Every structure is written in structure tokens, then in C-alpha cells.
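The values are calculated or read from the model by the stated rules, or taken from the named source; none is laboratory data. Please read all numbers here as calculations on a predicted model, not as lab measurements. When we count neighbours, we look across all protein chains shown, and the Cβ atoms used for this are built from the backbone with ideal geometry, even at glycine. Just the protein is used for accessible areas: all its heavy atoms, side chains included, with ligands, DNA and RNA removed. Shrake-Rupley method; radii C 1.70, N 1.55, O 1.52, S 1.80 Å.
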Amino acid sequence: MRIELQPAYILHSRNYRDTSVIADLWTPEYGRLSVLAKGARRRKGGNKHLLVPFTPLLISCRGRSELKTLTHIELAGRSVSLQQTMLFSGFYLNELLLRLLPIADPHTLLFSRYGQIIESLQQDIELEPCLRQFEWFLLQQLGYGLSFSVDADLQQPVIASYYYQLDVSRGFVACGDGCYQGTHLLAIAAADYSLATTRQVAKQVARRALQALLGSKPLNSREMYRQMHV
Amino acid sequence: MFSPLVDELISALRVLPGVGPKSAQRMALHLLERERPGAERLAKSLEVCVERVGRCQRCRTLTEEPICGTCSNIRRDGSLLCVVETPADILAIEQAGYYQGKYFVLLGHLSPIDGIGPSDIGIDQLVTILQGDDIKELILATNPTVEGEATAHYIGERAKPLGVIVSRIAHGVPLGGELEYIDGGTLAHAFSSRRTL
């Protein structure tokens with residue numbers, strides 16, 4: 001198979017042998033790919049500086065096995081450097097994608113959303129709404145989308161004064177002792193994260209919904225972020 | 001094909017990076033046929049090193065003493081501490097000959113996706129040094145990779161509450177380089193961290 005000048009982001013890379021790198025790439029049309037970049041770490045002519053996460057790239061590669069050989073790589077647009085906290089958020093997104101996206105499964109829309117969020121992580125933005133929106137979109141694209149405005153049992157609109165609980169496989173269900181108030185769910189549905197409690201609810205919901213897909217192994221980047229902000 | 005002892009030597013040599021079966025065979029035959037004294041020296045040196053060389057208790061670099069030569073050198077400035085990823089980085093900085101302070105070697109960098117966390121790179125030991133010793137400035141000389149930046153940021157966040165000046169080495173245009181041939185990322189960095197003259 002030959003892939004020519006496909007847009008790509010690097011999700012993760014590791015050194016291989018003396019001068020090579022194996023990178024996990026994500027492309028819109030071919031999904032996640034592993035490529036071997038031969039001689040990338042050579043002092044002369046190496047392209048290690050391009051093989052970094054969060055940078056929009058154009059890549060060409062070929063090969064029949066699962067591990068392709070990188071034949072060409074160039075920058076598509078500006079190179080990106082994420083700073084400080086944003087860097088850890090970037091790691092979080094990459095870890096999520098590496099854990100949740102199946103190999104060679106194309107997600108064109110999700111790819112362009114990822115490009116947008118990486119772009120916005122470079123500016124000083126409010127982080128949480130941004131991450132939550134991406135998480136909802138990711139869940140939806142993987143087929144586990146949550147509806148924040150419809151009661152999953154009754155198929156009725158969510159009512160602001162009611163309490164709901166989350167059934168990860170179905171959605172929100174009205175329940176007397178539920179822990180999420182309808183008003184917060186409606187705020188999330190309207191992408192209004194102005195209240196701190198709404199952000200809190202959104203975080204808990206996202207965590208539970210993703211946990212169901214991630215299994216018991218925790219996300220390392222989240223753990224590291226938490227340790228840093230104790 | 002060879003006798004068992006020679007075969008064992010060949011497979012033992014293959015632990016070295018970049019040494020495959022053919023190179024291992026060439027090395028083994030060379031040592032046995034032409035370089036007996038050298039082989040003996042190599043064997044002795046390997047044995048002694050593996051037995052005696054450990055980590056410096058203070059900076060974690062490789063040494064056969066409990067505290068390495070750099071850490072115990074009283075002529076070095078004890079108020080400066082430079083954090084690097086590997087012992088090879090110390091060598092590079094020493095060859096440049098400018099820095100006169102002391103070091104701390106992480107032996108790696110933070111990499112959340114690989115599961116390498118702060119406890120794996122001795123951050124707690126570094127914090128203990130910062131709390132106990134009289135250190136004025138902490139210089140973060142991790143590599144300018146994404147993981148290196150993350151490591152520098154993490155250490156910075158941990159060190160700031162301890163009242164230490166935290167600085168990061170500059171990145172930019174190499175001396176004698178031509179702007180035309182420098183990659184965009186490096187140039188952007190050089191511009192964003194420019195300084196007034």
C-alpha cells in the first residue's frame with residue numbers, strides 16, 4: 001500500500017535502534033498507522049525535529065505490513081509548541097486517542113476537530129469546556145454518544161429541576177436520588193460552561209463515560225496532571 | 001559452528017546496541033585471534049565496572065564512589081544545580097566548559113503515554129536536595145523535545161514553591177548556522193525567546 005502526502009498528527013513516537021524512530025500517526029483517511037522513520041535521528045539529514053506530537057504534518061509512506069516505512073514528511077502549516085499545562089492536556093488527548101481509536105479506522109471529522117483543539121491549546125483559552133467538547137465528540141464518533149437533553153427511559157426532554165443518573169450504555173435517566181441536576185445537563189447540551197458546578201458535572205460524566213471504554217487501566221497523563229496540581 | 005565457549009562469547013557481544021550476529025562474530029574472532037591482551041583488559045574492566053559502578057547518591061550519575069567527583073568537588077558552585085536527562089548530557093555540558101555548578105541526572109524524561117512518571121525519574125530525590133541544600137538556582141537542561149519540555153515544566157512547578165530560581169536553557173539558532181536552513185519550529189522558538197540588547 002502506498003500513501004501519498006496524507007495529513008497527519010503524531011500521537012506518540014519512540015526511538016528504535018540507533019538512528020530510527022517508530023511513530024504512531026493519525027491520518028484522516030487511513031486512521032491510526034505505525035510508521036518506521038529510518039535514520040530520523042541521524043545528525044545529518046535526520047528529520048526527528050518534524051516527528052513531534054501536536055504538529056500538523058503531511059506524510060507519505062509505503063509497505064504491506066502493519067508497520068509502514070515513512071518515505072516523506074513535511075510540515076503542513078505552522079509548527080506548534082504547546083506550553084506548560086496545555087502540553088499536559090495535549091498528552092491527555094493523545095493518550096485518549098491511542099487507547100480508544102482502533103488501528104486503521106478512519107475518523108475524518110474527529111481528525112479535523114483534533115486539529116482545531118490543538119490550534120486552540122496554543123492560545124490562552126479556557127481549557128475545560130474545550131476538552132469536554134472534544135470528549136463528547138470523541139464518544140459520539142466512537143458510537144457511544146451521550147444525549148444531554150433527552151431522558152433515555154421516557155424519550156422526553158430533560159427537565160431542569162429534575163435529578164438524573166447516568167447509565168453509561170443508554171444515557172441519562174430521571175431518578176429521585178440521581179446525582180446530576182437537569183439544569184446542568186441542559187447547560188452542557190447548550191455548551192454553556194459558565195457555572196463551576198456545570199463544569200464539575202461535565203467532568204464527572206466525561207470521566208465515567210470514558211472509563212467504561214478505557215477499562216480498568218488508568219490514564220497516565222491524567223494521573224500525572226493530578227499529582228502536579230496537588 | 002564454533003565451539004561452545006566461542007559461541008557464548010558471540011551471543012554475549014550481541015547485547016551491545018547495533019551489534020548483530022555478523023559483527024559479534026567479527027568482534028569475537030578479532031579478540032581471540034589478534035588481540036588477546038586487549039581481550040583480557042576488556043574482560044577485567046567489564047567485571048570490575050559491573051561489580052563496582054553504581055549511582056551517585058546525590059546526582060544519580062554513574063560512579064564507583066558513593067558520591068561522584070563532580071558532587072564532592074568543593075571548587076564547584078554548590079548554589080547552582082543543573083538538571084539533565086542522561087549522564088551523556090553531563091559530558092556534553094562539561095566539554096562546553098562554561099558551567100561550573102553541580103548536576104542532577106534524571107535518567108529519563110516524563111512520558112505519560114509510556115507510563116514513565118515522576119517517581120521513575122527521581123523527582124522526589126531532587127525535591128529533597130532542593131529542600132535540604134542551599135541551592136539558589138535550578139537550571140533545567142532537559143532536551144527540547146515534547147517530553148523534555150513536559151519534564152521541565154513539571155520540575156518547575158514542583159520547585160517554585162521551595163523558593164528556588166528556576167531557569168530553562170535557551171533554544172534557538174545554532175552558532176555558525178544560516179537562518180535559511182533552520183527548521184521553522186526552531187526559528188519560531190528563537191523569535192519568541194529573543195532578548196533586548
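When the C-alpha to C-alpha distance is required to be over 21 Å, the pairs from A:48/A:217; A:38/A:68; A:48/B:102; B:22/B:44; B:102/B:136 that qualify are A:48/A:217; A:48/B:102; B:22/B:44. When Rg and the Kirkwood radius Rh are both evaluated on Cα atoms of the range A:36-120, their ratio Rg/Rh stands at 0.97. Shielding value for B:181-192 is 3, the average number of Cβ atoms from other chains within 10 Å of each residue's Cβ. Pairs of Cα atoms nearer than 8 Å and 6+ residues apart set the relative contact order; for chain B it is 13 percent.
Magnitude of the Cβ-charge dipole of chain B, K/R +1 and D/E -1, about the Cα centre, nearest 20 debye? Display every interim value, and only then the final one.
Details: 20 positive and 25 negative charges, 73 e Å.
Its charge dipole is roughly 340 debye.
Chains A and B together bury some 1800 Å² of accessible area, summed over both sides, with a 1.4 Å probe. Annotation for the range B:159-197 versus the range B:99-132: alpha-carbon center distance of 22 Å. In the protein assembly as shown, taking the dipole from charged Cβ atoms about the Cα centre, the farthest positive-side position among A:87, A:60, A:187 is held by A:60.
The mean number of partner chain beta-carbon atoms within 10 angstrom of a residue's beta-carbon across peptide B:139-152 is 3.
Only one residue of A:143, A:118, A:200 has its Cα farthest out toward the positive end of the dipole of the range A:94-202, where Lys and Arg carry +1 and Asp and Glu -1 on Cβ, and that residue is A:143. For the segment A:93-105, counting C-beta atoms of other chains within 10 Å of every residue's C-beta and taking the mean gives 1.
Computed from the C-alpha gyration tensor, the three semi-axes of the ellipsoid equivalent to the range B:4-52 are 18, 14, 9 Å, from longest to shortest. Principal semi-axes of the equivalent ellipsoid, √(5λ) from the alpha carbon gyration tensor of chain B, are 39, 24, 17 Å from largest down.
Taken about its Cα centre, the range A:84-228 carries a charge dipole of about 300 debye when Lys and Arg each add +1 at the Cβ and Asp and Glu each add -1 at the Cβ. Bridge orientation summary for the range A:2-75: considering DSSP beta bridges with both residues in this region, about 90 percent are antiparallel. Carbon and sulfur atoms: what percent of the 1.4 Å accessible area of chain A do they account for? Percent of accessible area from carbon and sulfur atoms in chain A: 48. Seen from every direction in turn and averaged, the convex hull around the alpha carbons of chain A projects onto 14.4 nm².
Determine the sum of side-chain charges near residue A:133: Lys and Arg each +1, Asp and Glu each -1, restricted to other residues whose C-beta is under 13 angstrom from that of residue A:133. Walk me through the numbers before you get to the answer.
Numbers: positive: A:113, A:132, A:199, A:203; negative: A:126, A:128, A:135, A:192.
Residues close to residue A:133 contribute a combined charge of 0.
So for the protein assembly as shown, Kirkwood radius off the Cα pairs, Stokes-Einstein at 4 °C and 1.567 mPa s: how many µm² s⁻¹?
In µm²/s, the coefficient is 51.
The order of the peptides B:118-126, A:88-96, A:109-117 by mean Cβ neighbours within 10 Å, most packed first, is A:88-96, B:118-126, A:109-117. Label sites at residue A:177 and residue A:43, each approximated as a point 7 angstrom past Cα along Cα to Cβ, lie 7.0 nm apart. The mean sequence distance of close C-alpha pairs (under 8 Å, at least 6 residues apart), as a share of the length of the range A:2-75, puts its relative contact order at 34 percent. Once the convex hull of all Cα atoms in the range A:4-67 is built, its volume per residue stands at 82 Å³. When only Cα pairs below 8 angstrom with a gap of at least 6 residues are kept, chain A shows a relative contact order of 14 percent.
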